[in-house]
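The values are calculated or read from the model by the stated rules, or taken from the named source; none is laboratory data. The model shown is predicted, which means the values in this text are computed figures rather than measured ones. No Cβ is skipped: glycine too gets one built from the backbone with ideal geometry, and neighbour counts run over all protein chains shown. The protein model used for the area step is the full one, side chains on, heavy atoms only, and it has no ligands, DNA or RNA in it. Shrake-Rupley method; radii C 1.70, N 1.55, O 1.52, S 1.80 Å.
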Amino acid sequence: MEKERMMTAKYLPVGDSSFRSIRENGYLYVDKTRHFFELARRGKYYFLSRPRRFGKSLTVSALKHLFQGRKELFEGLWIAEHGNWEWKEHPVVIIDFNQISHQSPEILRHALSLILKRTAQEYGVQIETDLLEMQFLELITGLEKETGATVAVLVDEYDKPIISHLGKGEKALEIAKENREIMKYFFGVLKGADVAPCLRFVFFTGVSKFSRVSIFSELNNLEDISMTDDHADMLGYTQAELERYFSGYISEMAKKHEISNREAIDRLAAHYDGYRFSNEEIRVYNPFSVMSALKQKAFKNYWFETGTPTFLVDLLRERQFSLPRIENLQSDETVFSTYEPENLKPEAILFQTGYITIKDVEDQIYTFDYPNKEVKTAFLKHLLATFIGTDRAYSRFLNLSKHLREERFEAFFETIRAIFAAIPYPLQTKRDEAYYHTVFYLMVSASGVDARSEVLSCRGRIDLVVEFADKVYIIEFKCGQGADAALGQIREKGYPEMFRGRGKKILLMGIDFDPEERNVAEWKWKEDDNDGNMGDVQ
């Protein structure tokens, strides 16, 4: 069967977003067509937000061929075998903002006009007007009249003409706002009384989700499926899909690394799983990272390296956002829709761009965290570089994980002090406990250890917990109060209690910073003896 041939294909199409190319060349395709059938069966207007490189363009490509009636491309897939799909050819309008120029409002208008005219020419439809919105209307109504079939409109990365101008100054912000106004009225055509009856299906994708009062105010009948339980796994791979479709690749990877298949799966999960897009406990893998890792047979940071979040980093610094807060960050549901050029919120951007994901939901309060090791380590390395510059001391943080694992504390703090000493003075704008906590957290986390900040216990929040297979560190920070004060707080709050009984060694560490010297002033450690007391101070 075609499906079996594809599942044993030799190569993976990393970066190829063409559904036709994947099917015709026998590449592996994880079957998501059940979602397509359900959407087309019950509605018409949809919007889906997902982070970059999550398969949005591939989904648009698949929908294009589906509505063009290309049944041969769907052989062996769910929609052909179980969907009872009417394989009727519909005219399809593709508006792909990955390929549309938008350097200015004038260029954006001209580029959109060219797309409409090119599509009209393809179907033999005449466009008479020079007005952009009227050209869109003429195209849709003309396509329905010319072909006798309703029209599918597929819009990919709709937000690119806006977000690509953010974080680049006031002039660029004005361009983003003007582009937003153009698209608001352009897309509003799809709701018009003359156009709506001519439409079969409308589907938007993007990274960000602008509020309904802005870009989609004229098209307010879009159904947002970004956070629905039914479509939480529409993009990305579930655990079951990973093990079903990629078993051969996983075996090859396990063989190369001389580990079991189960160990290979666990490492893939730690690196690339963890994204959650609904209230239900449904988690998915980043598809781009999984395909890249299996093709190269290496556990690396693939997704992060395809785009540097310079704008996001600048925003976090500008708002003086506490970076340790990213772990266990809490918000209400407004975080999923609050995204406006004039009032950007770091929490919303972190979630919508994929740097944090839903960890837990309770009483409509959402708790967020990094989705996986790939995102956390790579992101924190990038943040660390912005804090300490490109000095040669930057690379020294890589040894911090080894020093802690081997309990080589003198070497650990020698490295910490060297990095702090190398930070340019202008970058140390506010030398308080929060600043030192942030930089210390970035250094340790970016070294690759399992570090968690502001861990909640029954009696308070632990500044930092670093955990290894055989030991756990409980770390408390002070600024100008002495290391004994930090250790005293650990004892008074009973922080070790939550870690006892795990069979791990518990090490307690107090660190005091000197704001005048801009460095570690004193550090002390003790080993917890598991009976409520602590051993001698070292």
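The figures follow:
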{"quantity": "Segment 43-54: number of residues that are in contact with a Gly (Cβ under 7 Å, 6 or more places away or on another chain) and assigned to a loop (DSSP other than H, G, I, E, B)", "calculated": "3"}
{"quantity": "Residue check, Ser208 in a helix (DSSP H, G or I) and hydroxyl-bearing (Ser, Thr, Tyr)", "calculated": "no"}
{"quantity": "When residues of segment 352-398 are limited to those that are under 30 Å from Arg180 (Cα atoms) and in contact with a Ser or Thr (Cβ under 6 Å, 6 or more places away or on another chain), the one modelled with the lowest pLDDT", "calculated": "Gln352"}
{"quantity": "Test set (1) surrounded by 22 or more Cβ atoms within 10 Å (Cβ to Cβ); (2) touching a helix residue (DSSP H, G or I) at 6+ places or on another chain (Cβ under 8 Å); (3) not small (Gly, Ala, Ser) - Val60 fails condition number", "calculated": "(2)"}
{"quantity": "Selection within segment 339-354 - buried (at least 18 other Cβ atoms within 10 Å of the Cβ), part of a loop (DSSP other than H, G, I, E, B) and free of Cβ contacts under 8 Å to residues at least 60 places away in the same chain", "calculated": "none"}
{"quantity": "Qualifying position, being closer than 17 Å to Leu112 by Cβ and at pLDDT below 90, among Ser217, Ser164, Ser208", "calculated": "Ser164"}
{"quantity": "Those residues of segment 66-118 which are of a type in the set (Gly, Ala, Ser), outside any helix (DSSP H, G or I) and open to solvent by 30 Å² or more (accessible area, probe 1.4 Å), in sequence order", "calculated": "Ser101"}
{"quantity": "Where Glu407 falls short, out of the listed (1) within 21 Å of the chain's Cα centre (by Cα); (2) at pLDDT 85 or above; (3) not in a helix (DSSP H, G or I)", "calculated": "(1)"}
{"quantity": "Residues located in segment 280-311, provided they are open to solvent by 70 Å² or more (accessible area, probe 1.4 Å), modelled with pLDDT of 85 or more and of a type outside the set (Lys, Arg)", "calculated": "Glu280, Glu281, Gln296"}
{"quantity": "Subset of segment 120-148 (residues that are polar (S, T, N, Q) and surrounded by fewer than 15 Cβ atoms within 10 Å (Cβ to Cβ))", "calculated": "Gln121, Gln126, Thr129"}
{"quantity": "Qualifying positions in segment 366-378 - open to solvent by 30 Å² or more (accessible area, probe 1.4 Å) and in contact with a strand residue (DSSP E or B) (Cβ under 6 Å, 6 or more places away or on another chain)", "calculated": "Asp369"}
{"quantity": "Number of the condition not met by Leu464 [criteria: (1) in contact with a Leu (Cβ under 8 Å, 6 or more places away or on another chain); (2) of a type in the set (A, V, I, L, M, F, W, C); (3) at pLDDT 90 or above]", "calculated": "(1)"}
{"quantity": "Of all residues making up segment 20-42, the number that are modelled with pLDDT under 95, within 26 Å of Glu243 (Cβ to Cβ) and part of a helix (DSSP H, G or I)", "calculated": "3"}
{"quantity": "Filtered residue count, segment 312-351, keeping only those that are among the aromatic types (Phe, Trp, Tyr) and modelled with pLDDT under 75", "calculated": "1"}
{"quantity": "Given (1) open to solvent by 10 Å² or more (accessible area, probe 1.4 Å); (2) assigned to a loop (DSSP other than H, G, I, E, B); (3) modelled with pLDDT under 95, number of the condition Asp194 does not satisfy", "calculated": "(3)"}
{"quantity": "Single unsatisfied condition, Val189 versus (1) open to solvent by 40 Å² or more (accessible area, probe 1.4 Å); (2) in contact with a helix residue (DSSP H, G or I) (Cβ under 6 Å, 6 or more places away or on another chain); (3) assigned to a helix (DSSP H, G or I)", "calculated": "(1)"}
{"quantity": "All positions within segment 270-279 that are open to solvent by less than 30 Å² (accessible area, probe 1.4 Å) and part of a helix (DSSP H, G or I)", "calculated": "His271, Tyr272"}
{"quantity": "Residue under evaluation Leu222, criteria (1) of a type in the set (A, V, I, L, M); (2) closer than 15 Å to Ser49 by Cβ; (3) in contact with a helix residue (DSSP H, G or I) (Cβ under 8 Å, 6 or more places away or on another chain), criterion not met", "calculated": "(3)"}
{"quantity": "Subset of segment 155-174 (residues that are touching a helix residue (DSSP H, G or I) at 6+ places or on another chain (Cβ under 7 Å) and either part of a helix (DSSP H, G or I) or surrounded by fewer than 22 Cβ atoms within 10 Å (Cβ to Cβ) (or both))", "calculated": "Pro161, Ile162, Leu166, Gly167"}
{"quantity": "Any chance Tyr45 is modelled with pLDDT of 90 or more, under 23 Å from the mean Cα position of the chain (by Cα) and not hydrophobic (A, V, I, L, M, F, W, C)", "calculated": "no"}
{"quantity": "Candidate set: segment 215-253, residues that are of a type in the set (S, T, N, Q) and touching a residue at least 24 places away in the same chain (Cβ under 8 Å); chosen: the one least open to solvent (accessible area, probe 1.4 Å)", "calculated": "Ser226"}
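Quick grid of which residues meet (1) touching a residue at least 24 places away in the same chain (Cβ under 8 Å); (2) out of contact with any Cys (no Cβ under 8 Å at 6 or more places or on another chain); (3) not in a helix (DSSP H, G or I):
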position: Lys255; (1), (2), (3): no, yes, no
position: Glu263; (1), (2), (3): no, yes, no
position: Arg267; (1), (2), (3): yes, yes, no
position: Ser289; (1), (2), (3): yes, yes, no
position: Ser292; (1), (2), (3): yes, yes, no
position: Lys295; (1), (2), (3): yes, yes, no
position: Asn301; (1), (2), (3): yes, yes, yes
position: Glu305; (1), (2), (3): yes, yes, no
position: Phe311; (1), (2), (3): yes, yes, no
